[in-house]
C-alpha cells in the first residue's frame, strides 16, 4: 500500500504529465524518428540515423520546448479550461502555477542547452520557437484565423528542425507536410467549435464566435477537400509503399467526418469529430512504417 505522501507525489506527477501532455510529446518524438528514418534520411544506414547524437539532441530539445509550450498555454488558459475541460482542469490544478512556471523556464533552458550541442543555428531556431509559442499563447491564440494558422505552424515546427538538419529538399516531403498541415488546421478549427462556450465566456475571438458555426463548417469542408490534392499526389505521383492504405482510409474517414460535421450541434458531436481527426493524425504517424516494411533488413 502506498503512503499518503507517496499518493500525493503520484498525483502531482500525473498532474504535471497532464499539463505537459506527455502522451502527445511521446507521439511527436516517435514521429520525428520515423520521419527521419523513412523520409528525411531514407538513404542513410539505419544505425547511423538511430544513433545520431545530433538528431537525439534535436528531438530532446523539441520535446522540452513542446512541454514548456503546453505549460505556458495551460497557464493562460486556466480559466477557460475550467469551463471546457473541468475534469482535466481539476487534475492540472494539483500543481501550483508557480511550480508550473518554474518547470517552464527549466525546460526552455534545457532545450537551449541541448540545441547548443548541435549548432548555434539550432539554438537560434529553438529560441525563436520558444518565443513564438509564448507569443501565440499570450496574444495570437485569441485572434480568429491568425490563431489557428499560428497553432498549425507551431505544431509542425519540430519537424522543420530535423528537416533543416538533414537538408533534404525532395518534393515528396513538402507534400507530406501539406497534408499534415491541413489535418492540423482542421483539428484546430474543430477544437474551436468544441470549446465554443468557454471561449465565448473568456472573450476569445475564435472563428466560430466571430463568424458563426456555419462558416466554420464550410471552412472545414474546404480544408477536407484540399487534403485530396496531397493525397492524390502521394498516391499516384510518389512511391509510398503500403502507406497508400492509410491515405485511402483517411479519405473515407474524412467523408464520415463531413457527414457528422453538418449534423453536429453539441459539444459531444464536436468532440467525436475532434477524435476522428486525432485518430487520422496518430494513425498517419505510425503508417510511415508502411513506406518500406523491409527497412530494418535492408538498411542495417
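Every number here is computed from the coordinates shown, using simple stated rules; none is lab data. What you are looking at is a predicted structure, and each value in this text was computed from that prediction instead of being measured. Quick reminder, even Gly has a Cβ in these numbers, built from the backbone with ideal geometry, and neighbours come from all protein chains shown.
Take the Cα of residue 197, go 7 Å toward its beta carbon, and the backbone nitrogen atoms of region 89-120 under 18 Å from that spot belong to 89-91.
Packing-based ranking of 115-121, 187-193 yields 187-193, 115-121, ordered from highest to lowest mean Cβ neighbour count within 10 Å.
Scoring 246-256, 57-67, 128-138 by mean Cβ neighbours within 10 Å over their residues and listing the highest first yields 57-67, 128-138, 246-256.
State whether region 82-166 is rounded, prolate or oblate according to the following rule on the C-alpha gyration tensor (a ≥ b ≥ c being the square roots of its eigenvalues): a/c under 1.5 gives rounded; otherwise a/b larger than b/c gives prolate, and the remaining case gives oblate. The shape class here is oblate. Mean residue ellipticity, 222 nm, helices only, the chain: the sum of -39500 (n - 2.57) across DSSP H runs of n ≥ 4, divided by residue count and rounded to 500, is -25500 deg cm²/dmol. Its convex hull of Cα atoms gives region 18-168 a direction-averaged projected area, equal to a quarter of the hull surface, of 9.3 nm². Assuming a ≥ b ≥ c are the square roots of the Cα gyration tensor eigenvalues, decide whether the chain counts as rounded (a/c under 1.5), prolate (otherwise, with a/b larger than b/c) or oblate. Since a/c reaches 1.5 but b/c is at least a/b, the shape of the chain is classed as oblate. Computed from label points 7 Å out along Cα-Cβ, the spacing between residue 229 and residue 283 is 2.4 nm. Taking region 253-276 and a reference point 7 angstrom along Cα→Cβ of residue 214, the backbone N atoms nearer than 18 Å belong to 261-266. Judged by the gyration tensor of its Cα atoms, with axes a ≥ b ≥ c, region 170-300 is prolate; a/c meets the 1.5 cut and a/b is the larger of a/b and b/c.
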